[in-house]
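Below you'll find the structure, written out as structure tokens, and then a few comments.
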Amino acid sequence: MSSTAFTEASRIVNRSPLNRWLGMSVLRADDNGIALGIRWREELISNPDVRSTHGGILATLIDAAGDYAVALKVGVPVPTIDMHVDFHRMAKPGDLRAEGQVIHLGRRFATAHARVLDTEGNLIASGRALYLVPTPASPAPGAQTPLAGQGDA
């Protein structure tokens, strides 16, 4: 594991008050993507009768893992444009791990896939998201810029 990637990922993750509230930590960060973890606690429960973790927490983990996998490639966190999450099984009390990796990195858009696993390695949720990649601050004089709607390259 690259200590530089791990250090940078930890810096980015720890900037977010939401991530700090969740207790999110970087477990792994390298050229293949990122793994994040959160420790389970009572505040994550959606339904106290079955003690299931709220789906919004799972979706947050999917989004964070995808976003930060892209951020490791482009240097900054990126805004989510679209996201799809599939819930595969109920998340019972226990720590969660989210793994994200970049599927496609273009000039304007990036796609990442992520999955959430429980402590036994069971797939709890998975998803895919589209992220907006930042453009350079200003093009060089005389440089041509891509036309809007021209698509990702």
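The values are calculated or read from the model by the stated rules, or taken from the named source; none is laboratory data. These numbers come from a predicted model, not from an experiment. Quick reminder, even Gly has a Cβ in these numbers, built from the backbone with ideal geometry, and neighbours come from all protein chains shown. Ligands, DNA and RNA are stripped out before the accessible areas are found, and what is left, the full protein with its side chains, is counted by its heavy atoms. Shrake-Rupley method; radii C 1.70, N 1.55, O 1.52, S 1.80 Å.
Computed values, structure above
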{"read-out": "Under Karplus coefficients 6.51, -1.76 and 1.60, residue-wise ³J(HN,Hα) of the stretch 70-83 in Hz, glycine/proline x", "value": "5, 4, 5, 7, 10, x, 8, x, 10, x, 7, 9, 8, 8"}
{"read-out": "Sum of -39500 (n - 2.57) over DSSP H runs of 4+, divided by residues of the chain (222 nm, nearest 500)", "value": "-8000 deg cm²/dmol"}
{"read-out": "Residue among A114, S52, T80 farthest towards the positive dipole end of the chain, charges placed on Cβ", "value": "T80"}
{"read-out": "Positive minus negative residues near K92 (Lys, Arg vs Asp, Glu; Cβ under 12 Å)", "value": "-1"}
{"read-out": "Farthest positive-ward along the stretch 1-42 dipole, Cα basis, beta-carbon charges - from N32, S10, W21", "value": "W21"}
{"read-out": "Whole-number percent relative contact order across the chain, with pairs defined as alpha carbons under 8 Å at least 6 apart", "value": "21 percent"}
{"read-out": "Ranking by accessible area, most exposed first, for E99, E120, E42, E8 with a 1.4 Å probe", "value": "E120, E42, E8, E99"}
{"read-out": "Global geometry of the chain, whether rounded, prolate or oblate, following the gyration tensor of its Cα atoms and the 1.5 cut on a/c", "value": "prolate"}
{"read-out": "Local electrostatic count, M83, Cβ distance below 15 Å [Lys/Arg +1, Asp/Glu -1]", "value": "-2"}
{"read-out": "Net charge contributed by nearby residues that have their C-beta within less than 12 Å of L123 (K/R +1, D/E -1)", "value": "-1"}
{"read-out": "Approximate spin-label separation I81-W21, in nm, with each point projected 7 Å along Cα-to-Cβ", "value": "2.8 nm"}
